[in-house]
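Here the structure is laid out as structure tokens; the discussion comes afterwards.
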Amino acid sequence: MKQYIFKLQWYFNLWDAEQAIKLLGARNLTAIYIKDIDLNTLYTYTDMISYPTGKSEREAIKFIKDKFKKDQKTFQVELYKK
């Protein structure tokens, strides 16, 4: 029997990424990637499992906002689920 591995990727701007994380829950994601205009990965966040459910969403959103404030090259947020 063949086993298939699916991956889901969503690309969002800052505001839509915040809403999606609140809706989906950060602990349901495998990683969050911050991308530049050419879709090169600038930053990766994978610490969602380290926090309880409510705090994991707040910490993920805080990470995203912090990277958008610090780096002017940031363009998009990729939410990744494997």
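Counting only residues that are surrounded by 13 or more Cβ atoms within 10 Å (Cβ to Cβ) and modelled with pLDDT under 85, segment 38-50 holds 1 of them. Inspection of segment 64-72 finds no residue satisfying the criterion of being surrounded by 15 or more Cβ atoms within 10 Å (Cβ to Cβ) and of a type in the set (S, T, N, Q). Picking from residues in segment 1-20 that are touching a strand residue (DSSP E or B) at 6+ places or on another chain (Cβ under 8 Å) and assigned to a loop (DSSP other than H, G, I, E, B), the one that is surrounded by the most Cβ atoms within 10 Å (Cβ to Cβ) is N13. Is there a residue in segment 29-45 that is in a helix (DSSP H, G or I) and among the hydrophobic types (A, V, I, L, M, F, W, C)? Within segment 29-45 (the criterion being in a helix (DSSP H, G or I) and among the hydrophobic types (A, V, I, L, M, F, W, C)), the answer is no, since none of the residues qualifies. K35 - would you say it is surrounded by 14 or more Cβ atoms within 10 Å (Cβ to Cβ), touching a Leu at 6+ places or on another chain (Cβ under 8 Å) and among the charged types (D, E, K, R)? Considered against the rule, which asks whether it is surrounded by 14 or more Cβ atoms within 10 Å (Cβ to Cβ), touching a Leu at 6+ places or on another chain (Cβ under 8 Å) and among the charged types (D, E, K, R), K35 comes out as yes. Among the residues that make up segment 53-68, is at least one of them out of contact with any helix residue (DSSP H, G or I) (no Cβ under 6 Å at 6 or more places or on another chain), of a type outside the set (F, W, Y) and part of a loop (DSSP other than H, G, I, E, B)? No, that holds for no residue.
The values are calculated or read from the model by the stated rules, or taken from the named source; none is laboratory data. The shown structure was predicted, so the numbers you read here are calculated from the model rather than taken from an experiment. Cβ: placed from backbone, ideal geometry, glycine included. Neighbour counts: every protein chain shown.
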